[in-house]
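Data block below; observations after.
Readers should treat all values here as calculations from the given coordinates under stated rules, not as data from a laboratory. Just so you know, these numbers come straight off a predicted model, no measurement behind them. Please note: Cβ atoms are built from the backbone with ideal geometry, for glycine as well, and neighbour counts cover all protein chains shown.
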Amino acid sequence: EAARQVAALEEAMRAIGLEAKTVAMEDDMVAVKADMLEGLYREGCGVLARIEAKTGSSQRRGPFSDVYATARVALGRLRKAEQASSSVLDATALAVSVPRQEHLPRIDLPKFGGDPSDWPAFASRFEKRLSGEQGDATRYAYLQQCFSDYLPARQSAEAFERAGMPFEEAWVRLQERFYKKRVAFLGHFRAILDAPKLTTPSSNALMRLIDITETSLTSARQVAGKPDEPPSTVEEGFIVSVVLSKLDEDSLSRVTRRADQQAIPTWKGLREELDSMASRLYYEPKRQKEPAARPGFKSPASAPRKTAYVATAMAATMGPQPPVKSCVARDTAIAPAGPARQTTKGSTPATAPTKTADDRRMCYACDRMGHKGNFCPEIRARSALERVNFIMERGKCINCFSRSHAARECPSEKRCNNCTKKHHTMLCNSAEYFSANE
């Protein structure tokens, strides 16, 4: 009998709301309809209270309050702004609440936009902000500010306040209505799946991906009521796989190259690796502009290096010319040991400047003097992976060994002579290169 009475009252309030939306009413009639709606709502609240006293929480109160709030808003739109009414259902109640909010102490309040997965964080922050507030009226006022961007929640809070419901009870009702565990739990995993994919290595993008994943996993455990339960091996593998799919090609290759191929991946290990990579990327531009000087070594200026290289190239292409011979003659007169070296090596006088330029040339791999890159002892003594790390630790491009850019931005069209991939031939995982240069 009580359930049928609630249904009849709900239907009557729905009819008033429909009439307010479709029929033009005079101001006096709007006030009459508002009083009728108020009486229906109060009677329904009394019936629901009797039902809840017998059976506990009733599922009818939520829809009943929604119908009441919808009808109230429809009537409020018809009433003129300058008319005031003593009715609790007056449409100016929304405007009356504004002065009350303006006199409240300014507090940094969280906002709730309607996403069930955001409710736990919103509820926790709201309770902490208002831990010292005891008055229901003040807490209701603050709560309506938090619901300013979500009309259904704001209407529900106003309906509970109009009904004279204690704030603690209204807070529980709001949580039951807008917080769904299943939706919230799956929403946290959806946040990881919907995270944007990196297009280029970026410190900020990596940190954001780490934060999204870590926050979603922690929140999902809290929703499940198991915040301290460690994930299983399969769960760890799934999380690592999803996060790796969000990385760009360069970042993925770095992680893969440094990972232990015989170990089962874990999110903790991947997170530490991404943290380290983000730190390196953050300081990488500064290291490229101002490379750290090694003890006991002074890097020569770039201009003399280019000049020596051009002179060598010219000597090799022009061949024996009269000016070159005169230079060799002067060098011979100054340094008698020159011809002996030429005789020992079995070369012509025209090749003497080339040998001298090689002595002055700096190795583009290890930045030391006295040898070419293909005879670099630092490179020849290392494996293929160690050679790559040796070059990258110096902030150089693995394709042309330049410090001015990364490999992904290398303008050179040259590729490896062995596998045609985008790296220097000296870094290829092949022994043929060094055997050919013995």
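Once divided by 2.2 N^0.38 Å, the Cα radius of gyration of the range 184-289 becomes 1.12.
Can you pick out the pairs among LYS180/LYS268; LYS111/LYS181; LYS226/LYS268; LYS54/LYS128 whose Cα atoms lie more than 23 Å from each other?
LYS180/LYS268; LYS54/LYS128
Ranked by the mean number of other Cβ atoms within 10 Å of their residues, highest first, the peptides 165-176, 407-418 fall in the order 165-176, 407-418.
For the range 194-280, the set of trypsin sites (Lys or Arg not before Pro) satisfying both a DSSP loop assignment and a count of at most 13 other C-beta atoms within 10 Å is given as LYS197. Taking Cα centre as origin and charging only the Cβ of basic (Lys, Arg, +1) and acidic (Asp, Glu, -1) residues, the dipole magnitude of the range 184-289 rounds to 380 debye.
Per-residue 3J(HN,Hα) values for the range 172-189, derived from phi via the Karplus relation 6.51 cos²θ - 1.76 cosθ + 1.60 with θ = phi - 60°, read 5, 5, 5, 5, 5, 7, 10, 10, 10, 4, 4, 5, 5, 5, 6, x, 5, 6 Hz in sequence order (x marks Gly and Pro).
Checking the a/c ratio against 1.5 first, then a/b against b/c, what shape does the Cα gyration tensor give for the range 98-179? Rounded, since a/c falls under 1.5. Stretching ARG77 away from ARG415 to a fully extended chain increases their span by 114.5 nm, per 0.36 nm per residue minus the current alpha-carbon distance.
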